[in-house]
Every structure is written in structure tokens, then in C-alpha cells.
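**Q** For reference, the structure I am asking about is given below.
The values are calculated or read from the model by the stated rules, or taken from the named source; none is laboratory data. Everything numeric in this text was worked out from a predicted model, so none of it was measured. Here the Cβ positions follow ideal geometry from the backbone for every residue, glycine too, while neighbour counts run over all protein chains shown.
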Amino acid sequence: MPAVPGAGAAFLSVAQLSSVAPVPGRVSVAGYASLMDEASARETMPSLSDFRHGWVDGYCRIFNLVSIVNIRRGFATGTRLATCTARARPGSQLRVCIFDIPLEELLPLATREARLRLEPVPVSVVGGAESSALLCLESSDLEYRERWCGAAGAYEEQVGQHYDGPLYREDLQPVPAYMLKCLRAHAAVGTVDNFLDASFLGDGRIPLREYVGNEVARARDAVDSAESVWSPAELEELQGYLSGLSVARD
């Protein structure tokens with residue numbers, strides 16, 4: 001494989017890149033959250049091709065990463081700060097989307113996902129041969145600082161001015177708007193059950209299905225609806241996902 005500008009900065013070796021190259025000049029990427037929606041994936045990777053769906057064995061989603069972008073946008077407050085990462089978990093399976101991007105878009109992808117670690121993993125597609133794709137795995141505060149915050153003031157610019165505390169935490173809840181976006185993306189391709197059952201809160205023990213069920217019950221039991229972060233329409237939508245019903249939205 002020819003040298004790729006920025007590939008080293010993405011912290012991937014030539015061997016790793018070769019393992020995820022379906023054709024010269026492109027690399028395969030697997031998404032497991034909001035990227036299940038092709039339109040969402042194209043917002044940041046408009047040159048993607050061969051969008052398909054499959055699965056990755058031995059991994060789950062963990063809501064343990066503080067979302068700086070959602071804090072900046074005002075969508076993440078209190079302890080509802082988490083987006084999901086991928087973690088190895090024997091016996092678990094991630095339903096994913098898989099697509100190919102030009103090598104030139106690898107560094108921008110790695111930069112956007114700097115608080116995660118890109119690594120090749122085996123992926124499977126219905127009716128297709130097993131291959132490999134880059135998956136965004138959980139990283140750590142230390143790894144992020146060492147890899148991406150070497151320049152003076154880099155951490156303050158990227159994180160510190162928006163949030164003070166560890167990025168990886170076990171005590172967080174999902175960002176509501178982000179979780180809904182992921183549920184809708186999975187609903188569109190029939191994988192909601194996987195998102196609910198193969199995803200866990202930051203402690204790695206509480207399944208997302210249990211968490212969502214508790215959220216719905218708590219909101220319905222609240223005396224004042226203003227106490228809930230969910231609108232009545234959103235609560236109905238969440239209940240529909242739990243019940244396995246097709247959810248209609250305006």
C-alpha cells in the first residue's frame with residue numbers, strides 16, 4: 001500500500017491499514033450508533049461507498065464517554081453526558097453498518113473521533129465473506145492526552161474550556177438527543193433490539209433496554225411533567241422501541 005498522508009497520525013500501522021483496504025486507495029469503516037443511518041454517515045463522509053449492514057462478534061456498546069460536542073451544543077447536561085463507545089465483550093454482538101472511504105478521509109475521521117481508538121476488527125455481512133473494518137473502540141483519558149494533546153494548550157482548547165473532569169466515566173447516562181438519534185437510525189434498518197440489548201451504561205452492567213424502561217416509568221410517575229427531560233411524544237416513541245412497534249414520527 002502506498003504511503004498515506006496522515007495515516008501515521010491516525011495511529012494505524014501499514015499492516016492495519018492493509019487489513020481494512022477492500023481496494024487500493026480506500027478503507028472500510030464500521031459504525032454502530034447514529035451512523036447506521038446512511039444520510040448521517042454522509043454528513044461527515046460524503047465520499048463513502050458500498051454502504052451495507054452486518055455484524056461484529058464479541059463487542060458491545062458502552063455509554064461511558066463524555067460528549068464534548070453535545071455539551072457545546074447544549075444537549076448534554078448534568079450526568080446525561082455520554083455517547084457510546086465499543087468494548088470487547090465475549091458472547092455479545094454488534095449490529096453495524098460498513099462502508100468504504102478514501103484513504104484521504106482517514107485522518108479527518110480519526111481527528112473527529114480522537115477520544116476513541118480506531119482498530120481493525122473482523123466484520124461479517126449477510127451473504128458475504130468475512131472481512132475487516134475499522135471500529136471506534138473505547139480509549140482512555142491518558143491515551144487521548146498522549147496522542148492528541150501534545151501541543152501547549154491543546155487540551156484546554158479541545159476539552160477544558162467546555163468540561164472539567166474525566167472523559168471516561170462509569171456514572172453517566174446517555175445524552176437524550178443522541179440516544180434518540182441512534183434509536184431512530186437503528187429502527188430504520190430493523191436493529192433496534194440489538195441497540196437496546198447490546199448496549200450498556202458506563203458501569204458495563206445495566207443494559208440500555210433496562211435504562212430506557214426505567215426512564216419511561218420514572219417520567220410517567222412524575223407528578224410534574226416538567227421534571228422529565230423527555231417530551232410526551234418522545235416517551236411514546238421510547239415505549240414503541242421497547243415494545244418492538246413501528247414508531248411513526250412527524
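Yes or no, residue by residue, for (1) farther than 16 Å from Leu109 by Cα; (2) surrounded by fewer than 22 Cβ atoms within 10 Å (Cβ to Cβ); (3) under 16 Å from the mean Cα position of the chain (by Cα):
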position: Ala15; (1), (2), (3): yes, yes, no
position: Pro46; (1), (2), (3): no, yes, no
position: Phe63; (1), (2), (3): yes, no, yes
position: Val66; (1), (2), (3): yes, no, yes
position: Asn70; (1), (2), (3): yes, yes, yes
position: Ala88; (1), (2), (3): yes, yes, yes
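**Q** Here's something else I'd like to know. Based on what the data block shows, is Val175 touching a Phe, Trp or Tyr at 6+ places or on another chain (Cβ under 7 Å) and either closer than 23 Å to Gly74 by Cα or not acidic (Asp, Glu) (or both)?
**A** Working: touching a Phe, Trp or Tyr at 6+ places or on another chain (Cβ under 7 Å): yes; either closer than 23 Å to Gly74 by Cα or not acidic (Asp, Glu) (or both): yes.
Taking the combined requirement at face value, the residue satisfies it.
**Q** Does Glu156 meet the test of being within 17 Å of the chain's Cα centre (by Cα) and under 19 Å from Leu81 (Cβ atoms)?
**A** The answer is no for Glu156.
**Q** Within region 30-44, can you find the residues that are of a type outside the set (S, T, N, Q) and touching a residue at least 12 places away in the same chain (Cβ under 8 Å)?
**A** Residues satisfying the conditions are Ala30, Gly31, Tyr32, Ala33, Leu35, Met36, Asp37, Glu38, Ala41.
**Q** Taking region 137-156 as the region of interest, how many residues are within 17 Å of Phe63 (Cβ to Cβ) and of a type in the set (A, V, I, L, M, F, W, C)?
**A** 1
**Q** Follow-up. Restricting to region 205-234, and then to whatever is in a helix (DSSP H, G or I) and among the hydrophobic types (A, V, I, L, M, F, W, C), can you tell me which residue is modelled with the lowest pLDDT?
**A** Ala226
One line per residue, one yes/no per condition, for (1) free of Cβ contacts under 8 Å to residues at least 12 places away in the same chain; (2) assigned to a strand (DSSP E or B); (3) more than 11 Å from Leu172 (Cα to Cα):
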residue	(1), (2), (3)
Phe51	no, yes, yes
Val56	no, yes, yes
Tyr59	no, yes, yes
Leu65	no, yes, no
Val69	yes, no, yes
Thr83	no, yes, no
Ala86	no, yes, yes
Gln93	no, yes, yes
Cys97	no, yes, yes
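**Q** Please enumerate the residues belonging to region 35-44 that are surrounded by 18 or more Cβ atoms within 10 Å (Cβ to Cβ) and either outside any helix (DSSP H, G or I) or of a type in the set (Val, Ile, Thr) (or both).
**A** Hit for region 35-44 is Asp37, nothing else.
**Q** Against the conditions (1) modelled with pLDDT under 95; (2) within 22 Å of the chain's Cα centre (by Cα), where does Ala187 fall short? Just the number, please.
**A** So Ala187 meets the others, but not (1).
**Q** While we're looking at this one, here's another question. Taking Gly190 as meeting all but one of (1) over 28 Å from Ala39 (Cα atoms); (2) without any contact (Cβ under 8 Å) to a residue 60 or more places away in the chain, write down the number of the exception.
**A** The one condition Gly190 does not meet is (1).
**Q** Sort out which residues of region 80-111 are farther than 21 Å from Phe195 by Cα and β-branched (Val, Ile, Thr), and write them in order of number. Show your work before the answer.
**A** So the first thing to find is which residues in region 80-111 are farther than 21 Å from Phe195 by Cα, and the list is 100-111.
Those that are farther than 21 Å from Phe195 by Cα and β-branched (Val, Ile, Thr): Ile101, Thr111.
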